[in-house]
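Taking it in order: structure first as structure tokens, then the write-up.
The values are calculated or read from the model by the stated rules, or taken from the named source; none is laboratory data. Model, not experiment: these values are computed from the prediction. Backbone-built Cβ (ideal geometry, glycine too); neighbour counts: all protein chains shown.
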């Protein structure tokens with residue numbers, strides 16, 4: 001699917017998830033599917049449609065929802081980042097305020113007329129929070145796993161290790177299974193996160209503008225961030241539901257999928273629109 005982003009047109013890789021009729025990717029779901037709640041999945045900094053594996057289907061089927069999974073520009077089979085293009089400090093804001101709304105509009109998804117939830121992981125969780133800060137009164141809720149609301153030393157240290165691994169191990173070959181251009185995905189993410197200016201990045205001031213329920217989940221062994229992240233969300237949004245998982249790293253949906261499904265099920269039932 002092609003969407004307009006700024007002054008250019010980009011291809012977006014996407015698919016429906018859950019127990020919906022699976023036709024060609026360009027097909028829209030039938031009208032009766034549009035009446036069901038929708039969960040939109042926003043991937044991590046090195047993620048893509050395929051890197052979610054079957055978790056979106058697992059979650060949506062457990063909740064009786066349909067899902068939308070997509071790769072952001074620069075990732076998966078979406079339009080790659082140009083080699084000379086460097087993402088700037090506002091790259092997540094652009095995804096939240098421009099790309100996601102354009103994609104939903106192209107798919108005729110209207111949060112004002114149907115229950116739409118966002119489910120974001122890592123960078124995707126930050127993007128979900130930023131989208132909710134601008135459009136959150138239209139959303140049914142937001143679920144964030146291992147979000148970033150500010151930059152911690154532990155985050156920078158782990159991203160530096162990822163850079164070393166990309167240059168010295170088979171990480172590039174493994175990412176090539178999921179990205180048409182692994183350099184586009186890796187260096188777009190890695191260069192901005194390791195830019196000295198980015199240590200000052202924060203979205204804390206945007207959080208109080210979120211007008212929908214929030215569920216924040218983080219592993220206690222997260223190698224990319226501490227509980228400062230989700231505790232910081234709750235400090236600014238006191239009604240946030242927090243889930244802290246022991247023996248769990250940066251990807252709770254991979255490390256403890258059953259616990260994540262149970263937490264999201266409880267959350268969506270509690271705040272279901274009447």
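Residue 132: part of a helix (DSSP H, G or I), at pLDDT 95 or above, in contact with a strand residue (DSSP E or B) (Cβ under 7 Å, 6 or more places away or on another chain) and over 18 Å from residue 222 (Cα atoms), yes or no? For residue 132, the condition - part of a helix (DSSP H, G or I), at pLDDT 95 or above, in contact with a strand residue (DSSP E or B) (Cβ under 7 Å, 6 or more places away or on another chain) and over 18 Å from residue 222 (Cα atoms) - is met.
Within the stretch 149-178, the residues that satisfy the criterion of being assigned to a loop (DSSP other than H, G, I, E, B) and without any contact (Cβ under 8 Å) to a residue 40 or more places away in the chain are 169, 170, 176. Scanning the stretch 92-143 for residues that are surrounded by fewer than 19 Cβ atoms within 10 Å (Cβ to Cβ) and in contact with a helix residue (DSSP H, G or I) (Cβ under 7 Å, 6 or more places away or on another chain) gives 93, 97, 112, 114, 134. When the stretch 76-99 is filtered for residues that are part of a helix (DSSP H, G or I) and within 23 Å of residue 175 (Cβ to Cβ), the ones remaining, listed by number, are 91, 92, 94, 95, 99.
Looking at the structure I just gave you, is residue 78 out of contact with any helix residue (DSSP H, G or I) (no Cβ under 8 Å at 6 or more places or on another chain), touching a residue at least 40 places away in the same chain (Cβ under 8 Å) and within 27 Å of residue 35 (Cα to Cα)? Considered against the rule, which asks whether it is out of contact with any helix residue (DSSP H, G or I) (no Cβ under 8 Å at 6 or more places or on another chain), touching a residue at least 40 places away in the same chain (Cβ under 8 Å) and within 27 Å of residue 35 (Cα to Cα), residue 78 comes out as no. Against the test of being over 12 Å from residue 145 (Cα atoms), touching a residue at least 24 places away in the same chain (Cβ under 8 Å) and surrounded by 21 or more Cβ atoms within 10 Å (Cβ to Cβ), the options 194, 215, 207 yield a single qualifying residue, 207. When the stretch 179-190 is filtered for residues that are touching a helix residue (DSSP H, G or I) at 6+ places or on another chain (Cβ under 9 Å) and part of a helix (DSSP H, G or I), the ones remaining, listed by number, are 182, 183, 185, 186, 187, 188, 189, 190.
Scanning the stretch 227-240 for residues that are in contact (Cβ under 8 Å) with a residue 60 or more places away in the chain and surrounded by 15 or more Cβ atoms within 10 Å (Cβ to Cβ) yields a total of 4.
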